[in-house]
Each structure stands twice: as structure tokens, then as C-alpha cells.
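The values are calculated or read from the model by the stated rules, or taken from the named source; none is laboratory data. Predicted model only: the values in this text are computed from it and were never measured. Cβ placement follows ideal geometry from the backbone for every residue including glycine, while neighbour counts extend to all protein chains displayed. Remember, those area values only see protein heavy atoms, side chains included, never the ligands or the DNA or RNA. Shrake-Rupley method; radii C 1.70, N 1.55, O 1.52, S 1.80 Å.
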Amino acid sequence: MTRDELREKANDLPLLPGVYLMMDKTGKVIYVGKAKKLKNRVSQYFQDSAGHSEKTRRMVAQIDHFDTIIVTSEFEALVLENSLIKRHMPRYNILLKDDKGYPFVRMSKEEYPRFSLASRYANDGARYFGPFGGRGETKAALDAVLSALRLPTCHRNFPRDIGAERPCLNYHMGRCDGFCRREMSGEEYRRRMDQAAKVLEGKSKPLLKELEGEMLSEAEATRFEQAAALRDRIRSIEALSKKQTVIAGLCADTDIWGLFLGGKSCYAVLHMEDGNLTGRETALFQSPVEETEAEALSALTAQYYLPRSILPHEILLPMDTGECESLSEALTKRAGHKVWVHVPQRGEKAELRSMAQRNAEEESQRATSDAERSARTLDLLANLLQLPQAPDRMESYDISNTGKSDIVASMVVYRGTKPLKSAYRRFHIKELDGAPDDYASMREVLRRRLQRAAEGDEKFLPLPDVFLIDGGETHARAALEITERFGLSIPVFGMVKDDRHRTRALVTPQGQEIGISQNQTVFSLIGQIQEETHRFAITFHRESHRKSAMRSQLDGISGVGPKRQEALRKHFGTVKAIREADVEALSAVVPRDAAEAVWKKFHETP
């Protein structure tokens, strides 16, 4: 279909909630999305692309046709979107691992049921719990539950092997009550298995109350051995949530999410029960470079929770995804109890959110090399600025002055994400007459810099991939005038500050603002560049101002010309130090007659 045909089809869609599937020429699904109003959302893709991200432009260029599914509510759209993403694995959606990596625990339906691990849910009459984490940790957690309830973990087949041979080592070590013995009843075995199922369902608290009641009854009946066995079982179950991440997740009252998008993106989920941290889960995932944190978090939380049958009562997110309410509704219906998804603003819960954020970032940093972090940051920057490729060399400029004297400029160079200090340059503004003019000063600096490069001066080569100018649209336009005069097409952007003097955005010479705060790594890099450029300019300006102040104090002294002034400045540093020096100290730098003249300048009254 042509773009016009796609736009016409989108405009014919109803203003109803639903899910849409974008497909390429081969019929492969390349993106799945949801919408409150299908017409409004889908038609946006085929309007003017100026406001689209690079990812969206690339995706739209590949769309040949699309399909939609109308649903009755937002949360139905959320559930269906997640299901379709799992089925089609579209390249432009954030994708968690397939369910094959998240095992279920299967409880067979027979006289003596047994637990086993399964790759996916099957409609075979058995009970399924999960999905859980990795197979290794899930197996360890399952063994811990069985040991806590003293159930068999061996491979004997019941009832066939009951009484066939002596109990195994687990019985003699106190890890199993020996259900292979004839005196153990099938009813007790099934009761214990039901108790294990309750733990796997996250219902350990009701089970513990039930076992405590049994223990007290046995103690009152003076059956102390049975009471002691129940006490040990209670302690073992209580210890599970502190030892096993999988079980801790099941027992959680609250999940706290952290998210970090970087060289290797990572999420962290902290599991809390009764105010205590019982476990932590982290995972790395692949994210399209143009995805915002809110978009990534929305996709991750839906894919993480919607397949699960056991859910916490509260889920704390680090930021608003715009879908907290619909996710809460979907999870509440699935869990059978209220699930509250929200962003904590203050207090202890906000501190927990920050803790989860740190966990995600630290895990990502451990798994990501400096080169990978740098490459991703530059890729993000290139996408934001619509550059053909990630910038290798960036130059940043700032003007500093006090009135119309001592106007200077700084040129700071970044190679990738690191400062290249050997390439820094300083400029004295020479051509300005009258009042200070930052725009004229910027034009002079860029002209001199590019002229030196055109003349083959190696100190000003190579040319940068991007010019970053401290200032707004007008500053950027002044710089662009000079690059165009030299016949160059180097992109120019102004670095715009907020009320607290922090970089908040980049701006083109045409006045288009480009927000950077939604990408933390880019925000940090541009902020660092601007601070370094400002620091270098201010340092140079202070040094220049100090020199000029000293020259004005030493001008007119007999025998003290520019060379001797410079010698005094280098030796003493400040006018105050020269004023406080005696003739002998001054004579160590300049001839004695000049030293006496300097001393008289500062000590003889007029």
C-alpha cells in the first residue's frame, strides 16, 4: 500500500480501544502497539514525519500494510498487546526473554502427585505454578520447599515402590519423612503436597498460621514429638523467603522497580514482605536506542507480570508510564486481589525506588564495558540530533567577559564521550569595538578557527562532526553563518540552560528545541560538555583579567616594560604579592633599580 492509502485506511478506523499490527511487504509483523483510540494513534504514523523519532521513521518506511483488533477496554488492549508481542517477536518492540527461559513448576494429577519443571503451560489437567526465574534457581527453590515440608525429592515411584526397599539417605538425614514406608498414609502425603502448592502460590502466611494451630493442638495433647516436627517445618518455611529469590518473589507484598538504559539495559525488581527486603531480581535486556525510559518500562512491566498467576499487592515504579491505571486493572483481574501500580513521590517508598534504580544501574555498569557505554550514548545522541552517524569529534564554544575588556573564548574538544584536552584552544577577542557582543565574538572565534584549519594548521585539524555552542538559537545561528561562509555543512546546536544554569535542551539555528532530559546518558554527556566549556572559559578569563589588572598597576614604572612585567607576574602571581614584597625580593626577579622603582610605586604616598 502507498503512504496515501495507509493514511486513508488509518483515518477510517474507529475511535475505539484496540491493538494494531504493522507489517512489512513479506507480511512479517514488525511492530505491535495499543491505543485508547485506534484512529488517532494509527493515523499519526502516516502524517508529517518531522516530529517522529528516527526509530519511528525507519519503521514507517517499512510498513506495507497494517491490521487492527478492536477490544472493549484499555486493559484488554494491554493484555492482547503483550500476547501478540510474545507470539510475533516484532523487531521494533522491546522484548523480554521468551517463556522458554522462564520455567513453570508442574504438579501432576495422580494418586501420589509429583512436582517437575516444565517449559510452558499445558492443558493436561495438571496444576502449574509460575513462570519463575532461571531453571537452576527454580529447581533449588522447589527442592527447598520439599525439604521444608519433608517431602520426597528422590526418584522413587509411588505407590509402586512403597515398602519395596529401605528408606533412602534423605530419611535418615531428617530431610524426608519417608513416604516410601508402609506406615505413612497417602492422605498425609497429599496434605503435604497441598501445603507445598500453597507456598508456590505465594500463600505461605495462611499456611504458617494453619501449621502453628496444628502445633499448638499437638502440644496441648502432649504429643510433643509431633509438635516439635511441626515447629521445625514452620521454621523451614519461614526461612525460605530469606534464602530463595524465587520464593521471596512469590511471598512479596510489594515489588519495587528500577530501570537503567545504557550500553546494556537492565531492570531490577526488589521483593519486599512486611517491610523486609526478601529478594532481588535483575535482568539485562535489549532496547531500541530511541526508546524512552517510560516506553521501555511500560513494555517491561506488562511482559513481566501479565503471564504470571501470582502477583504482589503493590508495584512501585520509578516513573509514570501513562498506563499505571490500566496495568493495575489488568493485574487485579488476573490475581483475584487488588494490585496497585503507582509511582511513590516521597517517604520510605521513594527511597526504596531510588535503591532499585541504583541496583539496575550498577548491574548494567558491571555488564557493560566503557566502549559499549560510550557507543550507546553517542548512538542515542546521533538519533536525537538526526545525524547520519554517531559523532566522533565534538567541539564546544563559550564566550566570557567582564564589560568590554578581557573578552575571551574557549574551545573544548570531546573525542567520543571523553575530553581531548590536548586539543583545547583559547582565544582573545580582537576585532570587537564598543560594547560586548557575544554573537559577534562567536562569529570571530569560529571564523579564526576555521581559517586556521583551511590554512592547514594541524592544531585545528581535523574538523569536528558537531559544533556545540553555549547559548540559544541566536548563538547557534551566528555560528552557522560562519560554517556556511566556509562552505561547510557541519551541524550546529546551541546548549540551552534552565533557571538553575543546567543544560536542559539543545536547539537548532532554526529554533527547534531538542529535549535531552528523557535520555539520562545523553543529558549527562551534554551537561558535562557545557560545564567543561564554561569552566575552561572562566579560568582563561580570570587569568587574562588578572594579567591585565597587573599590567595596569605596573604600567608607567621606570625600567619595567612588558617583559619585566611578565617576569614579576609569573614569580609573584598577584599585585598584592608584589606590593608586599621588599626590594630584595623584587631584585631577585628584575634589576635593582627597577625593583626600587616598583617598591616606590606601591609605598610612596603621592
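Residues that are modelled with pLDDT under 90 number at least 2 in the following strands (runs of 3 or more DSSP E) confined to the range 310-412: 393-402.
Considering A229, A268, A248, A197, the condition of being part of a helix (DSSP H, G or I), modelled with pLDDT of 80 or more and surrounded by 14 or more Cβ atoms within 10 Å (Cβ to Cβ) is satisfied by A197 alone.
Here L6 fulfils each of the conditions (1) modelled with pLDDT under 90; (2) assigned to a helix (DSSP H, G or I); (3) over 29 Å from the mean Cα position of the chain (by Cα); (4) not basic (K, R) apart from (1).
With the structure loaded, tell me whether I490 is without any contact (Cβ under 8 Å) to a residue 60 or more places away in the chain, open to solvent by less than 30 Å² (accessible area, probe 1.4 Å), in contact with a Lys or Arg (Cβ under 8 Å, 6 or more places away or on another chain) and among the hydrophobic types (A, V, I, L, M, F, W, C) or whether it fails that test. Talk me through it step by step, then tell me what you get.
On the way: without any contact (Cβ under 8 Å) to a residue 60 or more places away in the chain: yes; open to solvent by less than 30 Å² (accessible area, probe 1.4 Å): yes; in contact with a Lys or Arg (Cβ under 8 Å, 6 or more places away or on another chain): no; among the hydrophobic types (A, V, I, L, M, F, W, C): yes.
Criteria not met by I490.
Residues in the range 543-574 that are open to solvent by 30 Å² or more (accessible area, probe 1.4 Å), in a helix (DSSP H, G or I), over 28 Å from S422 (Cβ atoms) and modelled with pLDDT under 80: A549, R551, S552, Q553, P562. When you look at F540, is it open to solvent by 10 Å² or more (accessible area, probe 1.4 Å), within 23 Å of the chain's Cα centre (by Cα) and not basic (K, R), yes or no? The answer is no for F540.
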